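Here is the structure we will look at.
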Amino acid sequence: MHPKLQHPPTEIPSLSAEGKIIDPICGMNLDDLPNLVSLVYKGQAIHFCDEGCKKRFEADPERFSKMPPLIQLKNVWKIFKIGDTKIEVLRNLSLHIWEGDFIAIIGASGSGKSTVLNMIGALDKPTAGQVFYRDKDITTLKDAERAELRAKTFGFVFQQYNLIPWLTAYENMLLPLTFITTQTETSAVKARLSEIGLGERLNHRPFELSGGEQQRVALIRALTNNPEVILGDEPTGNLDSSTGEKILGILINLNKKQNKTLIIVTHDADIASQADQVITIKDGQMIRDHRAHKKIYTE
Ligand SMILES: Nc1ncnc2c1ncn2[C@@H]1O[C@H](COP(=O)(O)OP(=O)(O)OP(=O)(O)O)[C@@H](O)[C@H]1O
Ligand SMILES: [Mg+2]
């Protein structure tokens, strides 16, 4: 019997509003996929794309039974047009991200990882499909509302640190506060700088700082608004391995101690293997295998 026939309507996100069978953990559309992994929870059949997702559900069914996931991409397409050429970068991508998870997004160069991150962080809009944040479709927001959501909700850390060259380390970190109306907590920012060993660098400009120091400033800047979600696009990609480990340590600590959802695009198998969930992008889609295979980073 096709698994669809076993499904009653449910609160558990194993069946979408459109009646598609989806993996509640990773959000993959399972319609027409062979060899699903299933279990019965509270009398209801739930299906998964692989053993990894099933194990995650089994470890904490209560958590994953609560709709909605923090972030949901539903049937997202992103098509870039260059002249007469169309590039389909994301091709009907559906995925879930659960609050408090550390997610690693991996895949070959050009597979669409940064594009996915830009969708999640409301930096870009899909050509078709929807992106939900706490069940709110953010693709329908006006530009100003999207900017506000970004400023209040997301902290971005990029491979290029993107510091403003003519501002000091301290001024760079205060930058996000100019976009929102909350009380300026300048002393808290100064304290954070000292905590990460940059107390002496307050008045230095980016060119006077090492790569690792610049990335630490960028990191603190990303945290200035106390975001719920931290998005990193190869945040340690430009750093030597020991500095990279320190930066990653800070990020993972924020995830574990403060329950910040952490989503990192990476080419590094060791980083990916520390994540709660690996999302592998291939040809603009999420593949079924959520393990952090080494070959994915090189093929
Ligand atoms: N603004 C754009 N206009 C046209 N094509 C784009 C644009 N942005 C991305 N692309 C194309 O989309 C594809 C995916 O790009 P993306 O930056 O998401 O890849 P990626 O997986 O992050 O790669 P990398 O690991 O090299 O950073 C690439 O072929 C890229 O050339
Ligand atoms: Mg990229």
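Read the figures in this text as sums done on the coordinates, not as results from a lab. Remember, predicted model here, so these are calculated numbers, not experimental data. Note that each Cβ is placed from the backbone with ideal geometry, even for glycine, and that neighbours are counted across all protein chains shown.
What to note about this one:
- Cβ-derived FRET efficiency at R0 25 Å, residue 267 paired with residue 59, nearest 0.05: 0.35
- Those chymotrypsin sites (Phe, Trp or Tyr not before Pro) in region 80-172 that DSSP places in a loop and that have at most 11 other beta carbons within 10 Å: 166
- Label-to-label distance, nm, for residues given as residue 32 and residue 256 (7 Å Cα→Cβ offset): 4.3
- Residue 130 versus residue 51: modelled label distance in nm, points set 7 Å from Cα along the beta carbon direction: 3.5
- The slack in the chain from residue 226 to residue 91, taken as 0.36 nm per residue of separation less the alpha-carbon distance, amounts to 45.3 nm.
- Percent of Cα pairs exceeding the 25 Å cut-off, where the set is the chain: 51
- Taking the centroid of alpha carbons for each part, region 86-157 and region 235-293 are 16 Å apart.
- Each label was represented as a point 7 Å from its Cα along the Cα-to-Cβ direction; for residue 79 and residue 242 these points are 5.1 nm apart.
- Remark: 119, 67 ranked as 67, 119, counting other beta-carbon atoms within 10 Å and listing the fewest first.
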